[in-house]
Amino acid sequence: MYMNLTAYNNGHLQSSFWIVDKQHVYIGSASLEWSSLGQMKELGVIVYNCSCLVLDLQRIFALYSSLKSKSKVPPVWSKRLYAVYNTDNKLTLKLNETNSEVFVSNSPKLLCPKDRVLDIDAIFSVMDGAEQFVYIAVTDYLPIIKITNETRYWPYLDGKIREALILRKIKVRLLISYSKETNPLTFNFVSSLKAICTEVTGCSLKVKFFDLEEESACCFKEQKNCSTFKLNRNKYVVTDKAAYIGNFDWVGTYFNQNAGAGLVINQAETGNQTSVIKQLKAVFERDWYSHYAKSSATKIPNCLSYKHSQAAANKTAMSNMN
């Protein structure tokens, strides 16, 4: 199936989800192409044996299918494309033996039939429910939107972070991927976020950049058989109560124009170590404390340092094998 979103709003199809046998679902950052599945660092969630969730996600797929032979979006969507679940009517089920409430979100507004929650509203619901922390992992953080030849500030997610920091005293950690393609404006927006916490009691914000390019550049220099371009393409938010896993980076233009989908999982129970919330929090903390995560982006790779760290890692791995 091919859908030309350019005919509707000059956007792109960015959705990444799979439906298998009307029973199983994958949704996340990975695309069906070799670099995504073989080289990039992706993250998604798989839900097995959940026909109810499949039904709702299948309606988004059906919406895409209904547009493949049309040149414009219909004024009224068919009732068969309406959302089954949303923030007011969540699907209740057990995930990893943990009581959960889930629903699927969608973007952009142009492609949202009745009762479907927008991705940005889904993220709001996750962040608003946080009581202790909000951990955000994205490839790009760029709160701007391009409309024709005009670029504007897009304040919604950026403002939600500020609200959590200042008004609610929530601990926020922001992990952004760094590469040679990273827009320089990203650092300006990050500096602005950091400045808001200056001399404000209880305001806890930390930002790190996940840099895999140093490894790629050093591998190339050492003439090893490895990729010359790697990227952390995670796109999720996790709090002490809920998680959102989707297809978008935090770039205003994506939410406004591109087609994407997300999955919200609410889990009030925090004791189960195998819960999705616990697992996703552990993934974030693993990346946050890894040697790839840095407080400032490194433009010139320190290959000597990388070589020594790899040698130490290999030695440790061999010791474990022995």
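The values are calculated or read from the model by the stated rules, or taken from the named source; none is laboratory data. This structure is a prediction, so every number in the text was calculated from the model and none was measured. Neighbour counts run over all protein chains shown; Cβ positions are idealised from the backbone, glycine included.
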Scanning region 145-179 residue by residue, those modelled with pLDDT under 95, aliphatic (A, V, I, L, M) and crowded, with 18+ Cβ neighbours inside 10 Å turn out to be ILE145
Can you pull out the residues in region 14-40 that are in contact with a Leu (Cβ under 8 Å, 6 or more places away or on another chain), of a type in the set (A, V, I, L, M, F, W, C) and either surrounded by fewer than 18 Cβ atoms within 10 Å (Cβ to Cβ) or closer than 21 Å to VAL264 by Cβ (or both)?
PHE17, ILE19, VAL25, ILE27, ALA30
What is the number of the single condition among (1) surrounded by fewer than 20 Cβ atoms within 10 Å (Cβ to Cβ); (2) assigned to a helix (DSSP H, G or I); (3) modelled with pLDDT of 95 or more that GLU215 does not meet?
(3)
For region 250-289, give me each residue that is surrounded by fewer than 21 Cβ atoms within 10 Å (Cβ to Cβ), in contact (Cβ under 8 Å) with a residue 12 or more places away in the chain and assigned to a loop (DSSP other than H, G, I, E, B).
ALA268, GLU269, THR270, ASN272, THR274
Verdict on SER65 being over 22 Å from the mean Cα position of the chain (by Cα), hydroxyl-bearing (Ser, Thr, Tyr) and within 20 Å of SER16 (Cβ to Cβ)
yes
Go through region 14-46 and count every residue that is over 15 Å from the mean Cα position of the chain (by Cα) and in a loop (DSSP other than H, G, I, E, B).
6
Report yes if some residue within region 72-83 is under 29 Å from LEU280 (Cα atoms) and of a type in the set (Lys, Arg); otherwise report no.
no
Give the residue, chosen from VAL102, VAL134, VAL138, VAL126, that is more than 23 Å from ASN272 (Cα to Cα) and among the aliphatic types (A, V, I, L, M).
VAL138
Take the residues in region 1-13 that are part of a helix (DSSP H, G or I) and of a type outside the set (A, V, I, L, M), then tell me which one is surrounded by the most Cβ atoms within 10 Å (Cβ to Cβ).
TYR8
Give VAL126, VAL104, VAL134 a once-over and let me know the one that is of a type in the set (A, V, I, L, M), closer than 27 Å to CYS50 by Cβ, modelled with pLDDT of 95 or more and in a helix (DSSP H, G or I).
VAL126
Take LEU167 and tell me if it is hydrophobic (A, V, I, L, M, F, W, C) and without any contact (Cβ under 8 Å) to a residue 12 or more places away in the chain.
yes
Within region 107-123, of all residues that are of a type in the set (Asp, Glu) and assigned to a helix (DSSP H, G or I), the one nearest to PRO184 (Cα to Cα) is ASP119
Can you find a residue in region 46-67 that is charged (D, E, K, R) and over 15 Å from VAL104 (Cβ atoms)?
no
Options LYS94, LYS146; residue that is touching a Ser or Thr at 6+ places or on another chain (Cβ under 9 Å), outside any loop (DSSP other than H, G, I, E, B) and without any contact (Cβ under 8 Å) to a residue 12 or more places away in the chain
LYS94
Tell me, yes or no, whether region 47-64 has at least one residue that is among the hydroxyl-bearing types (Ser, Thr, Tyr), in a loop (DSSP other than H, G, I, E, B), buried (at least 19 other Cβ atoms within 10 Å of the Cβ) and at pLDDT 90 or above.
no
